[in-house]
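Presented below is the structure to which this report refers.
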Amino acid sequence: MEHRPNSSFRPYLASAISLFILGWGGAAFAVFSLTPTVWARWLLFFGGSLGLISLALPATWFLNLRFPSDPPAGSAIIVRQAIWVGVYGALLTWLQQARLVTLWTGLGLAAGLIAIEYLIRMRENARWRPAVQLPPATEQPPADSNPSKE
């Protein structure tokens, strides 16, 4: 098997564990210890989204490792895709609380977030990057050095 630069989950491990503890701990605190007020609901949404990000981080890392793209996905892309999962879960929780979730709402929201990520990746791939930088020309050839003019 070929060696890929992003083949280790070790750089993401500390952030995934800390997000897991903060996110699910905050969500559990909001559910079991607080009365259902506005701030408790915001804590539930925020903690739930952090918890979902912590669970999605290994999944997005594995999917990007299993299905590589050209150019390969960097750490910022993997973290951004995990954040999309957290945002999706928080939005579904909020819509469920407002009794607005249907199958088509969830699928439409997922399709919209996937389209946004696809367009962001397409923009990143389309950016111009110079391949080789040539050294600046310091010497100018003499004006009469062209032998074809003789």
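The values are calculated or read from the model by the stated rules, or taken from the named source; none is laboratory data. This one's a predicted model, so the numbers in the text were calculated from it and none came from an experiment. FYI the Cβ positions are ideal-geometry reconstructions off the backbone, even for glycines, and counts take in every protein chain you see.
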Among the residues of region 111-127, which ones are assigned to a helix (DSSP H, G or I), more than 13 Å from the chain's Cα centre (by Cα) and modelled with pLDDT under 95? M122, R123, N125, A126
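Given S7, S54, which one is outside any helix (DSSP H, G or I) and out of contact with any Cys (no Cβ under 6 Å at 6 or more places or on another chain)? Talk me through it step by step, then tell me what you get.
On the way: S54 fails: outside any helix (DSSP H, G or I).
Answer to the check: S7.
Would you call L65 of a type in the set (A, V, I, L, M, F, W, C), out of contact with any helix residue (DSSP H, G or I) (no Cβ under 6 Å at 6 or more places or on another chain) and at pLDDT below 95?
Numbers: of a type in the set (A, V, I, L, M, F, W, C): yes; out of contact with any helix residue (DSSP H, G or I) (no Cβ under 6 Å at 6 or more places or on another chain): yes; at pLDDT below 95: yes.
Here the answer is yes, as L65 does meet what is asked.
Answer with yes or no whether P72 is under 14 Å from the mean Cα position of the chain (by Cα) and surrounded by fewer than 17 Cβ atoms within 10 Å (Cβ to Cβ). Steps first, answer last, please.
Details: under 14 Å from the mean Cα position of the chain (by Cα): yes; surrounded by fewer than 17 Cβ atoms within 10 Å (Cβ to Cβ): yes.
In short, yes.
Looking at region 75-105 only, could you name the residues that are among the small types (G, A, S) and loosely packed, with under 11 Cβ neighbours inside 10 Å? Show your work before the answer.
Kept after step one, since they are among the small types (G, A, S), are these residues of region 75-105: 75-76, 82, 86, 89-90, 98.
Within region 75-105, A76, A98 meet the criteria.
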Mind counting the residues in region 57-77 that are farther than 25 Å from G23 by Cα and assigned to a helix (DSSP H, G or I)? 2
Contact list, first residue from region 42-65 and closer than 9 Å to I78 by Cα, second anywhere and of a type in the set (S, T, N, Q) and part of a helix (DSSP H, G or I), beta-carbon distance below 6 Å, six or more apart or interchain, is T60/Q81
Looking at F9, F20, F46, which one is modelled with pLDDT under 95 and either surrounded by fewer than 17 Cβ atoms within 10 Å (Cβ to Cβ) or under 30 Å from L65 (Cβ atoms) (or both)? F9
In region 80-93, anything touching a residue at least 40 places away in the same chain (Cβ under 8 Å) and closer than 20 Å to E124 by Cα is listed as R80
I'm trying to understand the selection: among the residues of region 78-98, which are among the small types (G, A, S) and either touching a Lys or Arg at 6+ places or on another chain (Cβ under 9 Å) or at pLDDT 95 or above (or both)? A82, G86, G89
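Does G108 satisfy the condition of being surrounded by 10 or more Cβ atoms within 10 Å (Cβ to Cβ), small (G, A, S) and either at pLDDT below 95 or under 16 Å from the mean Cα position of the chain (by Cα) (or both)? Steps first, please.
Values: surrounded by 10 or more Cβ atoms within 10 Å (Cβ to Cβ): yes; small (G, A, S): yes; either at pLDDT below 95 or under 16 Å from the mean Cα position of the chain (by Cα) (or both): no.
For G108, the condition - surrounded by 10 or more Cβ atoms within 10 Å (Cβ to Cβ), small (G, A, S) and either at pLDDT below 95 or under 16 Å from the mean Cα position of the chain (by Cα) (or both) - is not met.
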Do the conditions hold for V101, that is, is it modelled with pLDDT of 90 or more, in a loop (DSSP other than H, G, I, E, B), under 30 Å from S15 (Cβ atoms) and β-branched (V, I, T)? yes
